[in-house]
1. If you check every pair at least six apart or on different chains, which have Cβ atoms under 8 Å apart with a residue in the stretch B:122-147 that is within 7 Å of chain A (Cβ to nearest Cβ) and farther than 29 Å from A:THR103 by Cα first and a residue that is of a type in the set (Val, Ile, Thr) and not in a helix (DSSP H, G or I) second?
2. For the stretch A:153-212, give me the residue count where each residue is assigned to a loop (DSSP other than H, G, I, E, B) and among the charged types (D, E, K, R).
3. Residues of the stretch B:31-69 being surrounded by fewer than 13 Cβ atoms within 10 Å (Cβ to Cβ) and within 18 Å of B:LEU138 (Cα to Cα), which ones?
4. So, in the stretch B:187-240, how many residues would count as being farther than 24 Å from A:LEU79 by Cα and hydrophobic (A, V, I, L, M, F, W, C)?
5. Working only within the stretch B:198-223, note down all residues that are within 9 Å of DNA strand C (Cβ to nearest atom) and aliphatic (A, V, I, L, M).
6. Please find, within the stretch B:70-101, the residue that is nearest to the other protein chains (Cβ to nearest Cβ) out of those that are over 20 Å from B:ASP197 (Cβ atoms) and surrounded by fewer than 18 Cβ atoms within 10 Å (Cβ to Cβ).
Number of protein chains: 2
Amino acid sequence: MRAADPLHALSGDPGPVCRCCEADDHSVCASLTPEGLRGLRVIRGNARIGAQDAVFHEGEAAEAVYSLTSGTVKLSKLLGDGRRQIVGFVFPGDFFGFDAEGTYPYTAEAITPVGVCRFSTSRLAQLRSQTPELERLLFGRLVADLALAQEQMLLLGRMTAREKVAHFLLTLSRRAVRRNDPASPVALTMSRQDLADYLGLTIETVSRTITQLKRDGLIALVRPELVDLTDADALRRVAEGGGSD
Amino acid sequence: MRAADPLHALSGDPGPVCRCCEADDHSVCASLTPEGLRGLRVIRGNARIGAQDAVFHEGEAAEAVYSLTSGTVKLSKLLGDGRRQIVGFVFPGDFFGFDAEGTYPYTAEAITPVGVCRFSTSRLAQLRSQTPELERLLFGRLVADLALAQEQMLLLGRMTAREKVAHFLLTLSRRAVRRNDPASPVALTMSRQDLADYLGLTIETVSRTITQLKRDGLIALVRPELVDLTDADALRRVAEGGGSD
DNA sequence: CGCAGAATTGAGACTGGTCAAAATTTGTGG
DNA sequence: CCACAAATTTTGACCAGTCTCAATTCTGCG
């Protein structure tokens, strides 16, 4: 094993496992062999970013790729007149900031205070070419991200407001289960405005739709940002375009 | 150089360069070294598929990845009640059919008669691990696809019908330029229904919007499927959410 | 020439957006 | 701990853009 390098010193050597990362078994880091991890750690920089601060902006030169260690990040694109579309939420263990054109295709902003690992694009490229395992893991992650984006395209293009909100709640619930959290009270870490910008709706419509689902007994609000999925089956039927219930 | 194997025999050995592929400099194949190409050719199967036929269906076991050699393919997702969203069009040189879950996340159908190269997922995985260059090229392609999907999310979630159609026409035009075709009369290889399913609109709204753009002098229809971009600048202004012109 | 499918046009309905106000929650300082 | 201010969320009334349903016109082809 190598001696600690300056970057380790800065953040304290986390040891053979990437302990700086809250993500569990499904993170790229967790799937890497100790050897692969070592390579990543060597080129890694750490940063803490406050809530509402940007990691990078759409159009900036893409000099680094990031992985999230804690908190939530939103990825968004802007139209000239301020209309915004959130193209994804990032959770611990996820990578973001890959680019095809040399500039970031979206803005990345912290929703909560977050911790990130920063990998310079060039150094990561070098490491990737030396570590086929890493390349393959990142590839798989990208494929999953693409499938997710396509799922969201179906939602944005073809679902009603009610279906969109139901689908989103269920997605959060499924994600919670994957992290071994309870399926039901679902935490909305993001604001109503972020929700609206993710679902292609206005904040008013999101609010009205939540009220409506509540009135119909499918959900209940423990707090505005904590939703109880009272009737998950009915919610599922709504999300799949199953009709009026 | 290796002797021709059965697959070559079937389709005629295309020689050191993948001549079976109409795609030019921007295809993955064209960027591969002769050596890398050789590996691809060995595991390649060829197929011709008639217009309107499916290459594979959403939900089927994903046993192969494809690259398009000629024609146009559409990728679509279905909702329970028949609502459809086209999540992408595939042009020669593009790969499609990657999956994260073991099943295809979308249906792939030929819009025109098409030629495809077929790569069994397992054999391609093996080749990828032996050919870092191939892996890197596919990775870059995926990143580009993801950026495209995110761009489309912005379109689906936040643009008006007029902006959607303008944006789509310009995208086709840009793509034509990249293939060294003229920017202006743009060919719509897909039906109005496909267009609607791609833009998250109904066929009627697409038709009305095209008529409106025509009336306003931004475009002219040479034929229903051949659009002249009379005023590309104005079109660009519309597509960027530039206002009423 | 006439038919079938595709595209366009028309009239009216409805979902979701806009603008405005009220209610609730959150944060801050006394 | 309370009071007040600011921000966020919810609710209301009205409007607009897009959809639905239906009819008409085009286009290609036997």
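The values are calculated or read from the model by the stated rules, or taken from the named source; none is laboratory data. Just so we're clear, the structure is a prediction, and the values are computed from it rather than from any experiment. Cβ sites come from the backbone with ideal geometry, for glycine too, and all protein chains shown count toward neighbours.
1. No pair meets every condition.
2. 2
3. Of everything in the stretch B:31-69, those that are surrounded by fewer than 13 Cβ atoms within 10 Å (Cβ to Cβ) and within 18 Å of B:LEU138 (Cα to Cα) turn out to be B:THR33, B:PRO34, B:GLU35.
4. Counting residues in the stretch B:187-240 that are farther than 24 Å from A:LEU79 by Cα and hydrophobic (A, V, I, L, M, F, W, C) gives 9.
5. Of everything in the stretch B:198-223, those that are within 9 Å of DNA strand C (Cβ to nearest atom) and aliphatic (A, V, I, L, M) turn out to be B:ILE203, B:VAL206, B:ILE210, B:LEU221.
6. Here the residue is B:ALA100.
Residue-wise test of (1) away from chain B (no Cβ under 13 Å); (2) at positive phi.
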{"residue": "A:ASN180", "(1), (2)": "yes, yes"}
{"residue": "A:ASP197", "(1), (2)": "no, no"}
{"residue": "A:ILE203", "(1), (2)": "yes, no"}
{"residue": "A:ILE210", "(1), (2)": "yes, no"}
{"residue": "A:GLY217", "(1), (2)": "yes, yes"}
{"residue": "A:ASP228", "(1), (2)": "yes, no"}
{"residue": "A:VAL238", "(1), (2)": "no, no"}
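One line per residue, one yes/no per condition, for (1) in the same structural domain as A:SER207 (by TED's automatic domain parsing); (2) of a type in the set (Asp, Glu); (3) exposed (fewer than 15 other Cβ atoms within 10 Å of the Cβ):
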position	(1), (2), (3)
A:LEU124	no, no, no
A:LEU138	no, no, no
A:ARG141	no, no, no
A:SER173	yes, no, no
A:ALA183	yes, no, yes
A:LEU188	yes, no, no
